[in-house]
1. Looking at the range 176-192, which of the residues that are part of a helix (DSSP H, G or I) and surrounded by 15 or more Cβ atoms within 10 Å (Cβ to Cβ) is modelled with the highest pLDDT?
2. Which ones in the range 147-173 are within 17 Å of residue 131 (Cβ to Cβ) and in contact (Cβ under 8 Å) with a residue 60 or more places away in the chain?
3. So, residue 153, is that one loosely packed, with under 14 Cβ neighbours inside 10 Å, out of contact with any strand residue (DSSP E or B) (no Cβ under 8 Å at 6 or more places or on another chain) and under 27 Å from residue 74 (Cβ atoms) or not?
4. Looking only at helices (runs of 4 or more DSSP H) that fall completely inside the range 53-149, which ones have 1 or more residues that are touching a strand residue (DSSP E or B) at 6+ places or on another chain (Cβ under 9 Å) and at pLDDT below 85?
5. Are any of the residues in the range 157-164 under 12 Å from the mean Cα position of the chain (by Cα), surrounded by 13 or more Cβ atoms within 10 Å (Cβ to Cβ), at pLDDT 95 or above and closer than 30 Å to residue 121 by Cβ?
6. Of the residues 7, 3, which single one is modelled with pLDDT under 65, surrounded by fewer than 10 Cβ atoms within 10 Å (Cβ to Cβ) and more than 30 Å from residue 177 (Cβ to Cβ)?
7. Please go through the range 95-105 and give me each residue that is closer than 13 Å to residue 177 by Cα and surrounded by 15 or more Cβ atoms within 10 Å (Cβ to Cβ), ordered by number.
8. Residues of the range 174-183 being more than 28 Å from residue 141 (Cα to Cα) and either touching a strand residue (DSSP E or B) at 6+ places or on another chain (Cβ under 8 Å) or without any contact (Cβ under 8 Å) to a residue 24 or more places away in the chain (or both), which ones?
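The values are calculated or read from the model by the stated rules, or taken from the named source; none is laboratory data. The shown structure was predicted, so the numbers you read here are calculated from the model rather than taken from an experiment. Cβ sites come from the backbone with ideal geometry, for glycine too, and all protein chains shown count toward neighbours.
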């Protein structure tokens, strides 16, 4: 005969009622040292429970808490920066792909009367820059989301990603301009 009432569920024996968090916490606990074998309880008397095997582990000195801490403002800022970056990427790709129009705009802004000697030579550089910008945004978004899931502060990741990949795109777009002799002669002609 059991000492449980019919309304109570059976007592768990192997952790089947433990939540996933309790199971992970139990797995992280160090294995108990081998000590003397427990003595069996007398028949009919409930077995004494000394510790709860599913209780979260006690915090020890020097141990970092692995539970993520939510940072709502950080998440809002991170998602806002990622959204701004996505808008920037989507609006920049058409300009980068049309390299001749891009250079005409640059020359007009600089006030330089120059034309590329071979406009078709810059087209692959524009496609490469567009690809770098898109892949860069994707990498930045994945790293940001990964760090958000870990509970870390992430607002700086889109900022650094934007700076790094914008610098790379600018470098890729300048290579054909710097290797064109017609552009150099127009730029040198402007120096007083």
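1. Residue satisfying both the conditions and the ranking: 176.
2. Of everything in the range 147-173, those that are within 17 Å of residue 131 (Cβ to Cβ) and in contact (Cβ under 8 Å) with a residue 60 or more places away in the chain turn out to be 161, 162, 169, 173.
3. no
4. Fully inside the range 53-149 and qualifying: nothing.
5. Yes, the range 157-164 contains a residue that is under 12 Å from the mean Cα position of the chain (by Cα), surrounded by 13 or more Cβ atoms within 10 Å (Cβ to Cβ), at pLDDT 95 or above and closer than 30 Å to residue 121 by Cβ.
6. 3
7. 99, 102, 103, 104
8. 178, 179
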